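Please treat every number below as a calculation from the coordinates, not as lab data. Model, not experiment: these values are computed from the prediction. All Cβ positions, even for glycine, are placed from backbone atoms using ideal geometry, and neighbour counts span all protein chains on display.
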Amino acid sequence: MSAQHDLIIVGGGIAGLTAAVRAIELGIQPLVLEKESQDVYPCNSRQSGGVIHIGFLDPYRQDRSLMDNIETRTGGDHDPVLADALIKNGWRFLDWLKSQNTDFISFNEQEGYRWCIAPPRALRAGVDWEGRGPDLLLRRLVSKLSNYGDIFRQGVKATSLIMENGTCKGIRAIAGTREIIFKANNVLLADGGFQFNRKLFEEFIGEKFDHTFQRGARTGTGDGIKMAHAAGAKLSGMDKFYGHLLSADAVNSDKLWPYPELDAVATAGIVIDSFGTRVADEGKNGVYLTNALAKSNSEPPFFIICDVSIWESAGRSARIPANPLLEEAGGTVFKSDTLEELAEAIGVPVEEFVNCVTKYNEAINANKTSELLIPRSQNIIPCKINTAPFIAIPTIPGITYTMGGIVTDEKAQVLNENNMVIPGLLAAGATTGGLEGGGQA
């Protein structure tokens, strides 16, 4: 049995490390438990692009626009209390990061890219996180904790909460084969989502775990979510995830993930299945489309279909563009002078495929895309597919992190099914729900 701790934090990502360092600044002694044992341990925070924004707006905005933006992007499907807390503290988080010797760079003139942790990843295809801003930030925060004794422990996996009369009193964990009990006044769960947990994925998202590519660190197994739920915590938004469409070749090549993502091309054109027919509404956004493919009743392979006009416009529009980076990195891109030849090249029924593209083009001409068999919305303007060469890109949905999780109040206190605080239990970061994962995700 260990000594009593002020605060135990589960997870060594940006949420957990920020909480730990901030606790020290406030005179609270934390203990961080990180299940990975490597010195430079994998986590989504470390491998992220390090861009900080609120719905692609600057967190330093001090007007109503941030709340209006959240309202618009979620379609009202969010917790307004959490949204208000995010707005009030987003700029404070940036200020705090600066106080931790964090440098920032602006990628371009877009407001959403104004605050990127430096040095940024290179604008090229493939894995590129080591020595980049988020990686260096996590290393600095861990180093800072080391100045306060043995309060950052690796290779320790939390397994269950210690609950007494509805109050969290600590946590059980294992280190190797040894079980350890940690007593604490408060436990903060900050170990990320459940994207790499097959059972939870299939329970909440869909049955296509093997047909979804892990675009992140492959460490998010939802341990905190499971422990909290077992203790009576309420969950929300568990059926959605953040991710992007990738080349299907990413399964066999680190040069093709996490970038380039193919959303811009897919949402300008169409996405078909092995029967040569559309599978989802491409007009909403890339994250929606990625979720739709992961849940589709159709079997892979899936293909993004476009023409040279889309490839030369939308294909070059992303910060790390599919054109030309996809082909340069070895990704498969089929090109044919006719739709019939393209169908034969990718192995889909010719008649069904040509009919699909023809009806799609006709619907655009008549401004009746909403009347297609699978209606196409126009949040993103559809483009006709009528200029050779015609292009097909084998694609796979890539999952970065799950959007839903534990329900909390604005103080990070975990709530039960009756929306009452579970004393002693807190949650933060991608372990939580309430802001992402709504109907428009």
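Among the lysines, which have Cα under 19 Å from the Cα of K169 when same-chain residues fewer than 8 positions away are ignored?
Within the straight-line limit of under 19 Å, K169 reaches these lysines: K157, K183, K226, K234, K411.
Would you check the stretch 241-399 for Lys pairs whose C-alpha atoms are within less than 18 Å, ignoring same-chain pairs closer than 8 in sequence, and give me the count?
Count of close lysine pairs: 7.
Quick one: compute the contact order of the chain, relative version, from alpha carbon pairs under 8 angstrom and 6+ residues apart, as a percent.
Reported relative contact order: 21 percent.
Can you tell me the 0 to 90 degree angle between the C-alpha axis of helix 80-99 and the longest principal axis of the chain, rounded to 10?
Computed tilt is about 80 degrees.
Going by C-beta contacts inside 10 Å, put M227, M67 in order with the fewest on the left.
M67, M227
Mind pulling the angle between the C-alpha long axis of helix 286-295 and the longest principal axis of the chain? Nearest 10 degrees, somewhere in 0 to 90.
Compared with the principal axis, the helix lies near 90 degrees.
Going Cα to Cα from K199, which aspartates and glutamates come in below 18 Å? Please leave out same-chain ones fewer than 8 positions away.
Of all the aspartates and glutamates, those that pass the test against K199 - Cα under 18 Å, at least 8 places apart if same chain - are D191, E207, D210, D223, D239.
Express as a percent, rounded to the nearest 5, the fraction of DSSP beta bridges in the chain (both residues included) that run antiparallel.
Close to 70 percent.
With n ≥ 4 as the cut-off for DSSP H runs, can you work out [θ] at 222 nm for the chain, using -39500 (n - 2.57) per run divided by the number of residues, rounded to the nearest 500?
-8500 deg cm²/dmol
With a cap of 15 neighbouring Cβ atoms within 10 Å, and only residues DSSP puts in a loop, list the chymotrypsin sites (Phe, Trp or Tyr not before Pro) found in the stretch 330-378.
Taking the stretch 330-378 and a limit of 15 other Cβ atoms within 10 Å, no loop chymotrypsin sites (Phe, Trp or Tyr not before Pro) are found.
At a 10 Å Cβ-Cβ cut-off, how would you order S313, S45, S296, S370, fewest neighbours first?
Taking fewest neighbouring Cβ atoms as first place, the list is S370, S313, S296, S45.
For the Cα atoms of the chain, what angle does the longest principal axis make with the long axis of helix 14-25, in degrees from 0 to 90, nearest 10?
Helix 14-25 and the main axis of the chain meet at about 30 degrees.
Along the Cα→Cβ direction, 7 angstrom out, place labels at D95 and S317. What is the inter-label distance in nm?
3.7 nm
Neighbour counts of other C-beta atoms within 10 Å: give me R278, R153, R46 arranged from fewest to most.
The fewest-first ordering by Cβ neighbours comes to R153, R278, R46.
What whole-number distance in Å separates the alpha-carbon centres of the stretch 230-245 and the stretch 106-143?
Each part's Cα centre sits 26 Å from the other's.
Which of the following values of mean projected area of the Cα convex hull in nm² was calculated from the structure shown: (1) 32.1; (2) 28.4; (3) 21.3?
After the calculation, the listed value that fits is (3).
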